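Scroll down for the structure; my scribbles are underneath it.
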Amino acid sequence: MKIALIGYGKMGKAIEEIAIAKGHSIVLKIQTNNIHEFTSQTIKQADVAIEFTNPNSAFENVVKCLKAQVPVVCGTTGWLNKKDEIEKICKQENGTLLFASNFSIGVNLFFELNIFLSKLMSNHSEYNVMIEEIHHTQKKDAPSGTAITLAEQILQHTINKEKWVNNPTVKADELQIISKRIDTVTGTHKIKYESAIDEIEIIHTAHNRQGFAKGAILAAEYIKDKKGIFCMKEVLGFENF
């Protein structure tokens, strides 16, 4: 499989290492200093593009891939106010898109665990639920896309919470997300249910970027010859759970 890396920072380099080990080739590497090389012609060299950049450029990067008819895996977070628009463009172009707030297999298992636990807790209003996420200081968005996904899953099954908030002032009907930025921390997400008598917690801690990179390659392999809009549930076979 020929892969274009749109974004060649730490994540891009981790993806490259795993892709090459699996026998794939990297035909294009785009970063800030060679953005002029990212054209419709150069991207067409690739079977799949993998996009990990920043919230300000992700939308345009994905659109460029879709218009070039190159399937694109996008892992950039912080731009999902335009998700409906990008999905509309994908359908108009008969393109292929897979977006995930987190490509780690472990995190996607954690998502399923979070849904299951939120269903169990839905009738126990004596427990207050909150989310804490910790990332490295270079992460540009807060809360993390993973924390937002976790929050939205909880809100679907929690009758006493109306919305999530990312600030220290919390009302009873708000689900608090606490964001911390600590140098060298790859990523930790904690869900806590607390009552007057006890606490229940589930935690996922990433030790390095390898889990994210492996998941992104799996996603690229999955969508290579497909058309449409996909998610990691389908890649990992969770869609029927």
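The values are calculated or read from the model by the stated rules, or taken from the named source; none is laboratory data. Note that the structure is a prediction, hence the values are computed from the model and not measured. Note: ideal-geometry Cβ built from the backbone for every residue, glycine included; neighbour counts use all protein chains shown.
At a glance:
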quantity: Single residue of Ser104, Ser122, Ser179 found to be of a type in the set (Ser, Thr, Tyr), surrounded by 14 or more Cβ atoms within 10 Å (Cβ to Cβ) and in contact with a Gly (Cβ under 8 Å, 6 or more places away or on another chain); calculated: Ser104
quantity: Residue count, the range 127-178 (criterion: under 19 Å from Asn54 (Cα atoms) and among the hydrophobic types (A, V, I, L, M, F, W, C)); calculated: 4
quantity: Qualifying residue in the range 56-65 (condition: in contact (Cβ under 8 Å) with a residue 24 or more places away in the chain, among the acidic types (Asp, Glu) and either under 24 Å from Ala213 (Cβ atoms) or not assigned by TED's automatic domain parsing to the domain that holds Tyr8 (or both)); calculated: no
quantity: Any hit, the range 91-106, residues being part of a helix (DSSP H, G or I) and under 17 Å from the mean Cα position of the chain (by Cα); calculated: yes
quantity: Residue in the range 190-202 that is closer than 21 Å to Lys233 by Cα, more than 17 Å from the chain's Cα centre (by Cα), surrounded by fewer than 19 Cβ atoms within 10 Å (Cβ to Cβ) and at pLDDT 95 or above present; calculated: yes
quantity: Qualifying positions in the range 131-175 - touching a strand residue (DSSP E or B) at 6+ places or on another chain (Cβ under 6 Å), surrounded by 12 or more Cβ atoms within 10 Å (Cβ to Cβ) and in a loop (DSSP other than H, G, I, E, B); calculated: Ala142, Pro143, Ser144, Lys161, Asn166, Val170
quantity: Total residues in the range 182-234, condition assigned to a helix (DSSP H, G or I) and of a type in the set (Lys, Arg); calculated: 2
quantity: Test: residue in the range 30-40 that is under 20 Å from Phe103 (Cβ atoms) and without any contact (Cβ under 8 Å) to a residue 12 or more places away in the chain; calculated: no
quantity: Residues within the range 19-52 that are surrounded by fewer than 18 Cβ atoms within 10 Å (Cβ to Cβ) and either in a loop (DSSP other than H, G, I, E, B) or under 21 Å from the mean Cα position of the chain (by Cα) (or both), tallied; calculated: 7
quantity: Hits in the range 1-29 - residues which are of a type outside the set (Val, Ile, Thr), without any contact (Cβ under 8 Å) to a residue 40 or more places away in the chain and over 16 Å from Ala58 (Cα atoms); calculated: Lys13, Glu16, Ala21, Gly23, Ser25, Leu28
